[in-house]
Amino acid sequence: MKLVGIAGSIEDKSYNRLLLKFMANHFSDTVDMEVLDIQDVPMFNQSNDQTEGEAVQYLKRKILQADGVIIATPEHNHTITAALKSVIEWLSFKIHPLSGKPVMIVGASYYEQGSSRAQLNLRQILESPGVDAVVMPGNEFLLSNVKDAFDDQNNLKDARTVSFLQSTLGKFATFVKMVNAMDAEAHADDWKKEDLEAKGEVETTIKGVDMHAADWVEQAAAKTNAAEGDDYVKLDRGVLTVNQLNWFLNSMPMELTYADANNQFLYYNHQMDGDKMLASRTPAQAGNPLADCHPKRAVPGVKRAVHMLRTGETDLFKLPVPGIPDKYIMHYYQALHDDKGEYKGINEFVLDLLPIVNYYLKQTGQVLAADPNAKTDAVSGASTKAAVAPKPDEVTGASADTDAKPVEPAVDEVSGASADVDAEPKAVVVPTPEPEVDSVSGASSN
Amino acid sequence: MHKFIAMVGTNSDESTNRKLLQFMQTHYADQAEMELMEIKDLPVFNKPESLQIPEQAQAMAAKIEEADGVIISTPEYDHSAPAALMNALEWLSFHIKPFADKPVMIMGASYGALGTSRAQAHLRQILDSPELKARIMPSSEFMLGHSLQAFDDAGQLTDNQKVAQLDSLFGEFQMFVEITKKLKNSHAATYQDVRGMDWTKL
Ligand SMILES: Cc1cc2nc3c(=O)[nH]c(=O)nc-3n(C[C@H](O)[C@H](O)[C@@H](O)COP(=O)(O)O)c2cc1C
Ligand SMILES: Cc1cc2nc3c(=O)[nH]c(=O)nc-3n(C[C@H](O)[C@H](O)[C@H](O)COP(=O)(O)O)c2cc1C
């Protein structure tokens, strides 16, 4: 379970931050908890919107990725600090990342009341409609007289306090699961809204060109006056010509496909003819909506897969395509994000792993042997995590129906075999009894 | 004539709460002197170990000390007072006590129908805490809902009923200021207690 902790204090030395750090360390067996910084968040100001600034975006990203949030609040003047309130205001103005999030409130203060009034206030604030968090009821953790609570290793001194904190955290873990399960149920059908016809548009969508046209690439290039040939392109860290970029991408030891956030298939690295590819693409397909690239029966699987990547349920899922002689073909679907974490589409990359495995074995003098303890049938690729089974090639650019046979996976759609988890290995690597020395060390001097 | 500080409870450039206070400033010009006080540009309160308070906060404190009373008009953000206002009050309670025994009237304006009822309750609770210990006028509330539609182009409150209600509350506040003065004199000892209050020494 992934949690984030926010301490409502921006002082260099904060007992509330100390408390969260203690929890993160001491209970690391139970929860994976990251303590977030709010030091750089500016004072909320309705007339100076800084939602897009890095400090707020950082918190948004971290909160959205977490299963739950723990807030440790000081008490100033019988309420929470302005620093914490300002954070909450940013997170309830143009964006609402706390909406539906399970939250636990704890607090430390110098005085006997141990932040009781601030906690009550915070609960009321978090439950207001703009924030819309789901605060755990019926539990309170108040750390009073906090100046004497920690030893010089920054551990809580009192064993009973630690065990109470542990049981509160245990309850929160259960609460998080409950709330998120309800939420998952409420959103169970969201994937159906995924628009594979690409009827929407994103900032980069090239308007006024028929997506279905066989010469979409030529038309779109003319329309946008696209750079080509020896034109230079400035990249993140480098400058290349378009030709260099093409040579570079076409030399990648894998097939690459880009579909944007509007589910439009924009590009593949055109190394060879479709019938020679591991996952066939043809030049006329570039520009097509994803729906055009798939047979009807595949649409639900594609929608689910795209939705998982769009919502961040997973950033990468891996789909093995077993059953092809002398190959172990993998389809990887990688979500693309801009530097603010916004979803920007999918990179599907397809490659054959077998040559890599064979090379490794040869170099290290080992052979494959069956693993008697393997739990899962590698042929089916079945796994337990996600209830999604998109077929390979069904997510991005894929293929003319004709080549469906060789890539038809044995993944069981009905059982909900997982796409984002590797199939359990059926083989383990064991050393060969007498490896040839040269092949191991590579030390041959001739 | 009483001298009041009218504290704008937001750092926003456009504010219906500021408009409300500006309306009162002219509307009651013959009854009291009202000076608008802005809270923007204060740094986020971070309990500095140096105990150093920003100059702006010091200047604000001095003005509040001098005034006969403070009128605060608060927006409502997330069912509570805005961070910017909470922030000002943190600075104004950090080893200085300008609000101790100071008569305060709370009001507020919001875009919605409820007119800051929850933010006002929150603000009352804050001002009542030991380091602030303001004398908040009891049993009085002025809530201006649908505040974006409440003023005409000349900045006048258009709803006559609201104006009448405000008139009577303002008169009440003037009396409250006088009563509090008398109380303060007879309770000089409590007053000293509050002055000595310090969270770091508890
Ligand atoms: C301006 C100010 C107001 C305070 N008001 C309260 C209060 O109302 N109740 C309380 O228990 N502690 C109060 N304290 C002391 C806090 O308990 C203390 O600052 C605590 O929040 C420290 O938490 P931290 O180390 O995480 O910042 C106040 C401190 C300051 C500086
Ligand atoms: C972050 C944020 C939260 C808000 N929450 C509330 C609220 O809980 N209740 C409410 O009536 N208005 C809420 N509003 C709208 C306010 O009514 C409005 O912004 C404010 O009270 C008007 O005051 P002003 O004109 O002085 O800025 C919120 C506005 C913002 C920016």
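The values are calculated or read from the model by the stated rules, or taken from the named source; none is laboratory data. As the structure is a prediction and not an experimental result, all values here were calculated from the model. Heads up, the Cβs are rebuilt from the backbone with ideal geometry, glycines too, and the neighbour counts pull from every protein chain shown. What goes into the accessible areas is simple: the full protein's heavy atoms, side chains included, and nothing from ligands, DNA or RNA. Shrake-Rupley method; radii C 1.70, N 1.55, O 1.52, S 1.80 Å.
With respect to residue A:47, is the statement that it is away from ligand 1 (no atom under 16 Å from the Cβ), within 16 Å of residue B:11 (Cβ to Cβ), among the hydroxyl-bearing types (Ser, Thr, Tyr) and out of contact with any strand residue (DSSP E or B) (no Cβ under 9 Å at 6 or more places or on another chain) true?
Working: away from ligand 1 (no atom under 16 Å from the Cβ): yes; within 16 Å of residue B:11 (Cβ to Cβ): yes; among the hydroxyl-bearing types (Ser, Thr, Tyr): yes; out of contact with any strand residue (DSSP E or B) (no Cβ under 9 Å at 6 or more places or on another chain): yes.
Spelling it out, residue A:47 is indeed away from ligand 1 (no atom under 16 Å from the Cβ), within 16 Å of residue B:11 (Cβ to Cβ), among the hydroxyl-bearing types (Ser, Thr, Tyr) and out of contact with any strand residue (DSSP E or B) (no Cβ under 9 Å at 6 or more places or on another chain).
What residue, of B:46, B:17, B:11, is within 13 Å of another protein chain (Cβ to nearest Cβ) and in a helix (DSSP H, G or I)?
Numbers: B:46 fails: in a helix (DSSP H, G or I); B:11 fails: in a helix (DSSP H, G or I).
That would be B:17, the only listed residue that is within 13 Å of another protein chain (Cβ to nearest Cβ) and in a helix (DSSP H, G or I).
Considering only the stretch B:75-127, state which residues are at the interface with chain A (Cβ under 7 Å from one of its Cβ atoms), touching a strand residue (DSSP E or B) at 6+ places or on another chain (Cβ under 7 Å) and either free of Cβ contacts under 8 Å to residues at least 24 places away in the same chain or charged (D, E, K, R) (or both). Listed by number, the residues that qualify are B:90, B:125.
Can you find even one residue in the stretch B:88-95 that is among the charged types (D, E, K, R) and in a strand (DSSP E or B)? Reasoning before the result, please.
So the first thing to find is which residues in the stretch B:88-95 are among the charged types (D, E, K, R), and the list is B:90.
Next cut, in a strand (DSSP E or B) only: none.
Checked the stretch B:88-95: no residue is among the charged types (D, E, K, R) and in a strand (DSSP E or B).
Screening the candidates B:64, B:39, B:53 for the property of being assigned to a loop (DSSP other than H, G, I, E, B), within 16 Å of ligand 1 (Cβ to nearest atom) and more than 14 Å from every other protein chain (Cβ to nearest Cβ) yields one hit, B:53. Scanning the stretch A:99-112 for any residue that is part of a loop (DSSP other than H, G, I, E, B), within 8 Å of chain B (Cβ to nearest Cβ) and within 15 Å of residue A:16 (Cα to Cα) turns up at least one such residue. Name the residues in the stretch A:37-63 that are touching a residue at least 60 places away in the same chain (Cβ under 8 Å) and either farther than 22 Å from residue B:77 by Cβ or within 14 Å of chain B (Cβ to nearest Cβ) (or both), would you? Within the stretch A:37-63, just A:61 meets the criteria.
Just for the stretch A:1-32: of the residues that are assigned to a strand (DSSP E or B) and away from every other protein chain (no Cβ under 13 Å), which one is farthest from ligand 2 (Cβ to nearest atom)? This residue is A:32.
All of A:86, A:115, A:99 fail the test of being more than 14 Å from ligand 1 (Cβ to nearest atom), surrounded by 24 or more Cβ atoms within 10 Å (Cβ to Cβ) and hydroxyl-bearing (Ser, Thr, Tyr), apart from A:86.
Search the stretch B:108-154 for residues being open to solvent by less than 20 Å² (accessible area, probe 1.4 Å) and within 16 Å of ligand 1 (Cβ to nearest atom), and hand back the single one that is modelled with the lowest pLDDT. It comes out as B:131. Here is a list: B:57, B:61. Which entry is crowded, with 20+ Cβ neighbours inside 10 Å and either in contact with a Lys or Arg (Cβ under 9 Å, 6 or more places away or on another chain) or closer than 30 Å to residue A:17 by Cβ (or both)? Only one candidate qualifies: B:57.
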